[in-house]
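Inspection log for the structure reproduced underneath, given as structure tokens.
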Amino acid sequence: MDLFTFIKPKNELEQGDDTTVNKPYVPDEMWVKCPDCGTLLLTTDIEENFHVCSKCNHHFRVGSRKRIDMVCDKDTFKELDADFVSKNIIDFPGYDEKLESSKRRSGEKDSVVCGTCKIDGIETVIISMTADFMMGSMGTVTGDKITRAFEYATENGLPVIAFTVSGGARMQEGILSLMQMAKTSGAVKLHSDAGLLYITVLTDPTSGGVTASFAMEGDIILAEPGALIAFAGPRVIEQTIRQKLPKDFQTAEFLQEKGFVDKVIDRRYLKETLSKLLKIHNYTEVQ
Amino acid sequence: MSAYDNVLAARSTKKLTSLDYINALFGDSFIELHGDRNFADDKAVVGGVGMLNDIPVTVIGLEKGRNTKERMERNFGAAHPEGYRKALRLMKQAEKFHRPILCFVDTSGAFCGIGAEERGQGHAIATNLMEMMALKTPILSVFIGEGGSGGAIALAVADEVWMMENAVYSVISPEGCASILWKDSSKAAEAAECLKMTAKDLFNLGVIERILREPTAGDQKMFESMKLLICRTFEKNLAVSGEELARLRYNRFRKIGQQ
Ligand SMILES: [Zn+2]
């Protein structure tokens with residue numbers, strides 16, 4: 001794989017929410033071509049295999065609800081703050097239209113879904129972002145929902161598991177979106193000081209203001225294979241330093257190598273790993 | 001003055017830098033302390049201790065440099081992870097001795113490069129945000145020029161944030177915003193308007209507490225009144241318990257964008 005093909009599928013970092021590569025598979029198509037190995041896969045097979053390519057292990061992107069289904073016990077998810085809707089608070093041109101199209105495309109009101117659920121009977125707060133809504137960018141509603149999810153967990157003595165996917169802060173909300181980095185970090189800190197467990201699972205791509213806040217603040221940081229994890233995206237860096245980036249730069253595996261990810265984990269073993277970690281931290285099954 | 005003129009003024013190399021302010025406010029009492037105790041001493045961040053009138057203070061600033069040679073050495077105020085980690089080390093030290101912390105912000109952003117990513121730029125900023133929120137000592141951040149995104153807020157989780165009248169603070173540079181949204185970086189002036197990044201905009205949005213008149217080099221009278229203002233704020237906050245300060249600081253950010 002040459003450098004260009006490595007960078008190419010992953011350079012839509014800065015809120016370019018019209019990304020067409022590595023998009024979540026579309027259920028009404030029968031076949032999907034794996035963007036890594038080119039194998040044609042039956043959508044039903046992918047579904048059964050946690051949206052992972054059976055040939056090369058490529059992890060397809062999944063939406064926030066699908067993600068919750070993959071790790072939660074059946075019918076245990078209860079959503080928090082489901083009615084929060086983003087508004088064009090600083091009157092940014094084109095933002096209203098963008099919100100509308102994102103709502104239509106994703107079926108969500110914002111880029112994050114929060115709630116409580118059980119994992120092997122253990123109650124936990126779950127935070128699940130989606131790339132379908134403005135590339136998972138963090139606006140005030142996103143930040144507020146995440147903050148409130150942590151506050152709920154702190155009040156109720158629950159652990160938090162967060163699945164991140166984000167192009168960063170949402171520039172259409174200006175400085176107010178930047179402030180959400182501090183706000184969510186403050187909520188993580190209070191949760192942490194209460195002695196409660198926070199696990200983050202970084203998925204493709206996690207970058208910018210989300211990487212520089214709650215994504216990197218977990219007690220345990222897991223990441224999906226091949227996921228791009230960055231502060232500044234590869235395109236921005238190449239433009240800044242005007243040199244080519246090393247192979248596999250900013251992948252989950254690279255970050256584990258550099259000491260910023262605890263474990264790269266295959267999605268098919270994710271639920272059992274989360275369950276083990278919860279048990280090791282003395283969380284027990286509730287009826 | 002248009003928002004973009006304001007951006008250009010904030011970037012002007014004629015502008016006073018953090019070291020100018022530190023020297024004018026702290027005089028001979030300032031002692032610089034170097035390094036993050038882990039990797040290196042990042043010269044884009046200056047930090048140390050000194051006396052502000054009769055108050056011992058920890059002061060930290062993003063430093064762009066005052067001439068070409070200095071600007072190269074200081075990487076134009078674009079810090080690496082070790083810079084943010086040095087800042088946090090000094091802040092923790094300040095907390096230990098219950099010294100107030102004064103931060104000067106002036107950066108186009110955290111550095112974007114291979115080393116910065118390899119050493120965890122995102123992790124360094126995230127850690128500062130989380131730890132600063134809980135510091136049990138007073139913190140005041142003053143924006144003196146450019147306040148570029150994550151690299152700026154990493155020194156601005158404070159009890160109060162003040163801005164010089166010509167400083168800016170934004171989630172993204174207007175050029176970056178224009179090129180991503182409209183694929184045309186020449187529309188930066190339009191983007192600057194839309195982003196609401198001037199001191200006045202931020203004051204109206206409830207993100208900062210105070211706008212300061214900008215001192216000119218050598219105008220010691222203006223620095224004296226600035227010093228008085230800072231001292232009064234620190235005295236007020238030193239009378240509050242550390243736990244209460246941290247609680248108020250969280251609430252300060254908690255209400256921004258609250259649904
Ligand atoms: Zn494949």
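We did not get these values from a lab; they are worked out from the coordinates using the rules stated. Note that the structure is a prediction, hence the values are computed from the model and not measured. Note that each Cβ is placed from the backbone with ideal geometry, even for glycine, and that neighbours are counted across all protein chains shown.
Tabulated values for the structure
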item: Over the stretch A:123-256 - Rg/Rh using Cα atoms and the Kirkwood inverse-distance radius; result: 0.99
item: Normalised contact order of chain B, rounded percent, pairs of Cα under 8 Å and 6 or more residues apart; result: 19
item: DSSP bridge orientation in the protein assembly as shown - percent antiparallel, rounded to nearest 5; result: 40
item: Estimated dipole of the protein assembly as shown in Debye, rounded to 20 [Cβ of Lys and Arg +1, of Asp and Glu -1, Cα centre]; result: 680
item: Cβ charges +1 (Lys, Arg) and -1 (Asp, Glu), total dipole of chain A, debye; result: 480
item: Beta bridge orientation in chain A: antiparallel %, DSSP, nearest 5; result: 50
item: Rg/Rh ratio calculated on Cα atoms of the stretch B:3-247 (Kirkwood radius); result: 0.95
item: Listed peptides B:149-161, A:94-106 by packing density, highest first (mean Cβ within 10 Å); result: B:149-161, A:94-106
item: Over the stretch A:179-252, relative contact order from alpha-carbon pairs under 8 Å, at least 6 apart, %; result: 30
item: For chain A: Kirkwood Rh in Å [reciprocal of mean 1/r, alpha carbons]; result: 19.1
item: Ratio Rg/Rh, restricted to the protein assembly as shown and using Cα atoms, in which Rh is the Kirkwood radius; result: 0.97
item: Residue-averaged beta-carbon neighbours from other chains (10 angstrom radius) around B:177-183; result: 4
item: Estimated 222 nm signal from helices in chain A, with DSSP H stretches of n ≥ 4 weighted -39500 (n - 2.57), rounded to 500; result: -10000 deg cm²/dmol
item: Peptide-level mean, for A:211-223, of C-beta atoms on other protein chains within 10 Å; result: 4
item: Relative contact order of chain A, pairs being alpha-carbon contacts under 8 Å that are 6 or more residues apart, as %; result: 17
item: FRET efficiency estimate (nearest 0.05) - Cβ-Cβ, residue A:268 to residue B:251, R0 56 angstrom; result: 0.85
item: Peptide ranges B:221-233, B:242-254 listed from the most packed, as the mean C-beta count within 10 angstrom indicates; result: B:242-254, B:221-233
item: Residue-averaged beta-carbon neighbours from other chains (10 angstrom radius) around B:13-19; result: 0
item: For chain A, cysteines whose Cβ has no other cysteine Cβ within reach (under 4.7 Å); result: A:114
item: Computed E for residue A:239/residue B:54 - FRET, C-beta separation, R0 60 angstrom, nearest 0.05; result: 0.80
item: Computed helical MRE - 222 nm, chain B, DSSP H runs ≥ 4 contributing -39500 (n - 2.57), nearest 500; result: -13500 deg cm²/dmol
item: Among A:101, A:37, B:248 the positive-end extreme of the charge dipole of the protein assembly as shown (Cβ point charges); result: B:248
item: Spin-label zone in the stretch B:41-61 - amide nitrogen under 15 Å from a point set 7 Å from the Cα of residue B:93 along the C-beta vector; result: B:41-43, B:45-51, B:56-61
item: Kirkwood hydrodynamic radius of the stretch A:205-257, from inverse mean 1/r over distinct Cα pairs, in Å; result: 11.7
